[in-house]
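The values are calculated or read from the model by the stated rules, or taken from the named source; none is laboratory data. Keep in mind the model is a prediction, meaning the values are calculated, not measured. Every residue, glycine as well, gets a Cβ built from its backbone with ideal geometry; the counts of neighbours run over all protein chains shown.
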There are 2 protein chains.
Amino acid sequence: MPRTDYSNFACSVARSLEAMGQWWTPLILRDLYLGVDTFDELVADLGISRSLLTRRLTGLVEDGLIRRETYSDRGDRFRYRLEPAGHDLIPVLAALAAWGDRWRTPEGGPPLLFRHDGHECVPTVACSTCARPVTAETLAPVPGPGARAVRGTAVVASRPLRATEAG
Amino acid sequence: MPRTDYSNFACSVARSLEAMGQWWTPLILRDLYLGVDTFDELVADLGISRSLLTRRLTGLVEDGLIRRETYSDRGDRFRYRLEPAGHDLIPVLAALAAWGDRWRTPEGGPPLLFRHDGHECVPTVACSTCARPVTAETLAPVPGPGARAVRGTAVVASRPLRATEAG
DNA sequence: TAGCTGAGTTCACGTACAGAACCCACCTGG
DNA sequence: CCAGGTGGGTTCTGTACGTGAACTCAGCTA
């Protein structure tokens, strides 16, 4: 019995996790973003086992998050680069890192900081319309057009959501 | 050889994943946020095995992301509620869901939408200083005070980051 | 020609996950 | 008072997944 496949869940969190929710995958994407992009560099930086790294990289390529690129005309040397879908995941990982900095603060402070257009930047989740930060309290989930009574949104489709109350 | 423990990585993504990166955990937090908060409701909505749900819930309680609360004065009936750290993770999961809506659009459209202060809202990662959305290109990673030459930031501590270049 | 580097593959071992069955306390109906 | 239902688990049994070490192989390099 393999790990439950999320791809038929009517839940966009689940569908995202199907692409990047396995152990190591977010760290691999982070490293590619930072420029650690060859096989042996990834093994050295992460300490991931070589066999598992192979599986993760081929999976990410199949899923369209990254591509494998040949460098060094005269040999079979490869580097892995982010495709647009993988690129678009980086801000989410940055927001996740910010959560880690707040709630799991490492000794000595954050290992990595961000700048944006010349100023300091804490990646924060905000509203696309009014640009103000959103929190669990100010966000109100409502059923969307794809809500169905299957795993993942059974409850969304069938009963009033509780999250709009106090919390 | 258990799954590699991320908690000593000098990487805030890794430290976050140590708390919520296991299979099912983000979906459990999502469901608690939506009000699916008792053991049997979680089993019914997610289709997770009961034994694994037990482990996940006790792990989340130990990690301080949720708490177990008794309801119904006259019996051992429990519901699980988000603690502040878990609460603070919801916007990140919402941003992840928005990624899924963009790149893994389910049939029929998004199963869940968000409203914020009366208007439609796509949870977007933005800069805490200037409030503009950030992308992988506009975000520049720089070593922070906690950067060390261990798993996770070896490269950050020891060589120039590539991500500030073209991308 | 021996060694190094990059990029994997193979293998043995142990853990984690899935699914089903089982357990137990409390309540409810007859 | 006993059967059945509900909530909240635990136990059990396979299988898949992750780890780490050893091995392969091609193309340099000294």
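Can you pull out every residue in segment A:1-41 that is among the hydrophobic types (A, V, I, L, M, F, W, C) and either without any contact (Cβ under 8 Å) to a residue 24 or more places away in the chain or at the interface with chain B (Cβ under 7 Å from one of its Cβ atoms) (or both)?
A:MET1, A:ALA10, A:CYS11, A:VAL13, A:ALA14, A:LEU17, A:ALA19, A:TRP23, A:LEU27, A:LEU34, A:VAL36, listed by residue number.
A:VAL92: of a type in the set (A, V, I, L, M, F, W, C), assigned to a strand (DSSP E or B) and facing another protein chain (nearest Cβ under 7 Å), yes or no? Here the answer is no, as A:VAL92 does not meet what is asked. Residues that are over 29 Å from A:ILE66 (Cβ atoms) and either outside any strand (DSSP E or B) or more than 7 Å from chain A (Cβ to nearest Cβ) (or both) within segment B:103-157 comprise B:ASP117, B:GLY118, B:THR129, B:CYS130, B:ALA131, B:PRO145, listed in sequence order. A:ARG79 meets the conditions (1) more than 12 Å from DNA strand D (Cβ to nearest atom); (2) within 13 Å of another protein chain (Cβ to nearest Cβ); (3) not in a strand (DSSP E or B) in every case but one. The failed one is (3). Can you confirm whether A:ALA95 is small (Gly, Ala, Ser) and on the phi < 0 side of the Ramachandran plot? For A:ALA95, the condition - small (Gly, Ala, Ser) and on the phi < 0 side of the Ramachandran plot - is met.
For first residues located in segment B:43-58 and near DNA strand D (Cβ under 9 Å from one of its atoms), partners that are hydroxyl-bearing (Ser, Thr, Tyr) and lie 6+ apart or on another chain with Cβ distances below 9 Å form the pairs B:VAL43/B:SER49; B:SER49/A:THR4; B:LEU57/B:TYR80.
Of the residues contained in segment A:37-60, none is found to be over 26 Å from B:LEU52 (Cα atoms), touching a strand residue (DSSP E or B) at 6+ places or on another chain (Cβ under 6 Å) and among the aromatic types (Phe, Trp, Tyr). Has segment B:53-65 got any residue that is outside any loop (DSSP other than H, G, I, E, B), modelled with pLDDT of 95 or more and among the polar types (S, T, N, Q)? Within segment B:53-65 (the criterion being outside any loop (DSSP other than H, G, I, E, B), modelled with pLDDT of 95 or more and among the polar types (S, T, N, Q)), the answer is yes, since at least one residue qualifies.
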